[in-house]
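What follows is calculated from the coordinates using simple rules that are stated; it is not laboratory data. Since we're looking at a predicted model, the values are computed, not measured. Because the Cβ atoms are built from the backbone with ideal geometry, glycine has one as well, and the counts that use them run over all protein chains shown.
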Amino acid sequence: MGMGPGMRGQRGRGAARWGSNATYGWSLMTSQERTEHRQRMQSMTSYADCTAYRDQHHEQMMARAKERGVAAPAQPRRDACAGLKK
């Protein structure tokens with residue numbers, strides 16, 4: 001079984017760093033939005049910038065869930081910005 005899209009480099013490192021169990025609002029985003037979000041998160045170089053973007057993204061996903069009349073997304077299992085803490 002090969003690696004799926006977006007999984008390159010994840011083999012042997014445990015759970016994926018993005019996907020339905022790791023990305024807040026995954027089911028509320030289009031495929032293109034998921035790709036753009038992943039690329040933006042991967043390009044972050046400072047914890048402050050990352051948390052600011054993450055918080056903005058969470059607000060957008062909560063608003064989108066409310067507009068669609070669905071439950072707010074579950075919080076991710078880990079802090080996606082934690083690796084940028086100094």
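Details
- Size of electric dipole in the stretch 19-69: Cβ of Lys, Arg +1 and of Asp, Glu -1, about Cα centre, debye, nearest 20: 160
- Shape call, the stretch 19-69: gyration tensor on alpha carbons, a/c limit 1.5: oblate
- Listed from fewest to most Cβ neighbours within 10 Å, the set Glu67, Glu33 follows the order Glu67, Glu33.
- Length added when fully stretched, Ala72-Thr30, from 0.36 nm per residue minus Cα-Cα: 13.5 nm
- If a spin label sat at a point 7 angstrom from the Cα of Lys86 along the line to its beta carbon, the backbone N atoms of the stretch 27-71 nearer than 18 Å would be those of 43-53.
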